[in-house]
Each structure stands twice: as structure tokens, then as C-alpha cells.
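All of the numbers you see were taken from the coordinates with simple rules; none came from a lab. Please read all numbers here as calculations on a predicted model, not as lab measurements.
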Amino acid sequence: MVQNVIFDVDGTLVDSVDEHAEAWRRAFLEFGRDVPFAHVRSQIGKGADQLIPVFFNDEELAQFGKDLEEYRSQLFLKDFLPKIRPFPKVRELFQRLHKEGRRVALASSARQEELEHYIKLCRLKGLFEEATSKDEVDKSKPHPDIFAAAMKRLGSPDVSATVVIGDTPYDALAAGKLSLPTVGVLCGGFSPEDLRAAGCRVLMKDPAELLARFEESPRTWPWGEAGMPAAPEDEESR
């Protein structure tokens, strides 16, 4: 039985992927780089430390990397954060998990200020045990640091009794480095093929489907009656 659930936030609990991508695209433009929206969007799920180097070289990062990150952060907080809304049934899902005694942690590549906003937006206060953000670790996803911090805060539970739920390949890649199984949700807009290739064991539409599956079979959630699927063949090579 899964006793510990670690949730990504952006794209998993809140509908924010497009907003993040557009904020980055505008910030890049401000610093002289016109990057197509789709290219930027494909990198959402990483923190700034992993995302910016995809588009700028070391010399550029040394020259204005910090300024770019701060510009994007302020732009996002001012123009995009107020537009973000939770996906349906997020609070109800957390209430159900809490009622059943499952231990829940949030593990986000967002800054602490953004994470706190999402917690209020989704009305999750009192419904989870721990929360970790990019501000607390050296490297963001797809590095495993954020999930490792969440696991430590949960008391380092057995990975066989723990599941990560996220919307991006970077969630699955980060979790896989800790041998944590991942359920992928499609509401963030990444393709089923990309999520499976990164190591997601099961795919679901959104938090509402996660809740419906839990109501159907809490003891075998989220894997179903057959139990947890086998790991992808190429997992050890990642």
C-alpha cells in the first residue's frame, strides 16, 4: 500500500505551465534571445538553474544570468501568478488522502514565494505534512535534490511505500534517480510518450482522476488491482 505521496505542483496541482513558459519567453526576449514558445514550454518543470543554460552559454550566464532570473521572477509574480487556477478536485484529493492517513509532501521547482501562493490558492493548509521548494536545494529537477529533501522530511520512508506524482518528464527522471516510482498526470500538457519514456509507471488525466481512482480502490491506489507495474526496461540506464 502506498503510504507516502510526493506531489509536484506546477502543472500537476495548478494550471500554470503556459504562464511559466510565456514569462520565460518574454524574459529571454528582454535579454536579446527570441525563443519560440513551444521550445520554452518543453523545458518547464526545471528550475531556473537548469532551464536558463539550455538557451544561454556560460559567458552569457556569467554576464547577466542572475539579472535574467530575477527579471523573469518579478515578471511572473506581477503578470502571470494572479491568473493561475487549481485543477479540479485538488483540495478534495488532499482531503481524502489525509482522511485515510496517507502522508503527503509537496516538492516544487518553484520559489518558496510561489509555492506558498499555490498552497493558499488550492486551500491545502493542514492537508499535507511537508513542502520543499527550489530555494532549499542546490539543483532543481531533473536532479533529485528536491525529492530527496521531501523524503528526508517524511522520515526517509521505504520507496516501495512511496509514489511521486508529476506532470513532466523531469519529475520522473528526478524521482527515478532515487528509485521512486512516478505516476504521470497529463494535465500539464506533456505527451504520454515523453512521460512513459522518462519512467512514469502509470498515466492519469489529472487530480480529479487520481481522486476517482482512490475512491474506487484506496488499498491498491494508484496502481490498480494488479499492483505496481514493473519498472521500464531502460530505467537503470537513466
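Assorted remarks:
- Derived scalar couplings ³J(HN,Hα) [segment 94-105; Karplus, 6.51 cos²θ - 1.76 cosθ + 1.60; whole Hz; x for Gly, Pro]: 5, 4, 5, 4, 5, 4, 7, x, 6, 9, 10, 10
- Extension gain, GLU225 to GLN112: 0.36 nm times the residue separation minus the Cα-Cα distance gives 36.9 nm.
- Number of Lys-Lys pairs in segment 29-118 with C-alpha atoms under 22 Å apart and a separation of 8 or more places or on different chains: 5.
- Amide H within-cut-off set for ASP167, under 5 Å, with H built and near neighbours excluded: VAL185
- Separation between Cα centres of segment 42-73 and segment 4-36, rounded to whole Å: 12 Å
- Phi angles across segment 77-83 convert, under the Karplus curve 6.51 cos²θ - 1.76 cosθ + 1.60 with θ = phi - 60°, into 3J(HN,Hα) values of 4, 7, 9, 10, 4, x, 8 Hz, Gly and Pro given as x.
- Gain upon complete extension [GLN95, SER191; 0.36 nm per residue less C-alpha separation]: 31.7 nm
- From phi via Karplus (6.51, -1.76, 1.60), per-residue ³J(HN,Hα) for segment 191-199 in Hz, x at Gly/Pro: 6, x, 5, 5, 5, 5, 4, 7, x
- Descending semi-axes in Å of the chain, equivalent ellipsoid built from Cα gyration tensor: 30, 19, 16
- Fully extending the segment from GLU215 to LEU29 would add 62.3 nm, taking 0.36 nm per residue of separation and subtracting the current Cα-Cα distance.
- For ASP206, residues with placed amide H under 5 Å, excluding near neighbours: LEU186
- Translational diffusion of segment 1-103, µm² s⁻¹ [Kirkwood Rh, Cα pairs; Stokes-Einstein; 25 °C; 0.890 mPa s]: 159 µm²/s
- Placed amide H near VAL104: partners under 5 Å, 5+ positions off or other chain: VAL5, GLU129, GLU130
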